[in-house]
1. Return the total of residues in segment 32-41 being touching a helix residue (DSSP H, G or I) at 6+ places or on another chain (Cβ under 6 Å) and either of a type outside the set (G, A, S) or over 22 Å from R110 (Cα atoms) (or both).
2. Out of G71, G104, G54, G29, I need the residue that is in a helix (DSSP H, G or I) and out of contact with any helix residue (DSSP H, G or I) (no Cβ under 8 Å at 6 or more places or on another chain). Which one?
3. Inside segment 117-135, can you point out the residues that are surrounded by 14 or more Cβ atoms within 10 Å (Cβ to Cβ) and without any contact (Cβ under 8 Å) to a residue 24 or more places away in the chain?
4. Cβ contacts < 6 Å: first residue without any contact (Cβ under 8 Å) to a residue 40 or more places away in the chain and surrounded by 14 or more Cβ atoms within 10 Å (Cβ to Cβ), restricted to segment 7-26; second residue of a type outside the set (V, I, T) and assigned to a helix (DSSP H, G or I), any location; separation 6+ or different chain. Result?
5. Restrict the check to segment 78-95 and report whether at least one residue is over 30 Å from L147 (Cα atoms), without any contact (Cβ under 8 Å) to a residue 40 or more places away in the chain, more than 12 Å from the chain's Cα centre (by Cα) and surrounded by fewer than 19 Cβ atoms within 10 Å (Cβ to Cβ).
6. Scan I70, I85 and give me the residue that is among the β-branched types (V, I, T) and in contact with a Ser or Thr (Cβ under 6 Å, 6 or more places away or on another chain).
Amino acid sequence: MTGLWLRITALCGLAVLGYNLLAAKFAGGNAGATLTMIAAGPLGDAARDWAPGGVVLGLLVHFALTAAMIGGGLVLARLTILGEIAPWKAGTFYGLALYMAMYGLVLPWRFGVPFPNPDRLSLFIGLVPHVLLVGLPVFYMAKRKVLQANSADLRSS
């Protein structure tokens, strides 16, 4: 299961990172500012002034958060009914839950961001990666792993 967790973390982490950097570019930002903002979440506002160090820490924080989200999804897929229902339903539900946690709790508490975001485009831009780039891949890949294991069990019987 550790190998699966690492593969999904790498895949989703890179996908979400690319999405975030692209969204920041379209909003007039840049990669460095985006990554130092990510680092500022848990490390404080001073991280925005740490130049290359803040960028590296931003990458580490991003992948740590992604690893936690993926780990949580895999646990839910294995130990709850979410692992037994269609991956698109479970993944969408999990992605929405992640979005609610990030945008409904973490960002308002840490940065004073309003929730729900009155700008519907910003709301959509924040929702997409949680559902499409984290929730769905976790549950589809977890389901695939279970099907592969069941198939291997049938072949060995």
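1. 4
2. On the way: G71 fails: out of contact with any helix residue (DSSP H, G or I) (no Cβ under 8 Å at 6 or more places or on another chain); G54 fails: out of contact with any helix residue (DSSP H, G or I) (no Cβ under 8 Å at 6 or more places or on another chain); G29 fails: in a helix (DSSP H, G or I).
Unique residue meeting the criteria: G104.
3. The answer is N117, S122, L123.
4. Pairs that qualify, where the first residue is without any contact (Cβ under 8 Å) to a residue 40 or more places away in the chain and surrounded by 14 or more Cβ atoms within 10 Å (Cβ to Cβ) and the partner is of a type outside the set (V, I, T) and assigned to a helix (DSSP H, G or I), are L21/A31.
5. no
6. Values: I85 fails: in contact with a Ser or Thr (Cβ under 6 Å, 6 or more places away or on another chain).
Only one candidate passes the filter, namely I70.
Throughout, read-outs are computed from the coordinates displayed, never taken from laboratory work. Being a predicted model, the structure only gives us computed values, none of them experimental. Reconstructed Cβ throughout: ideal geometry from the backbone, glycine too, with neighbour counts over all protein chains shown.
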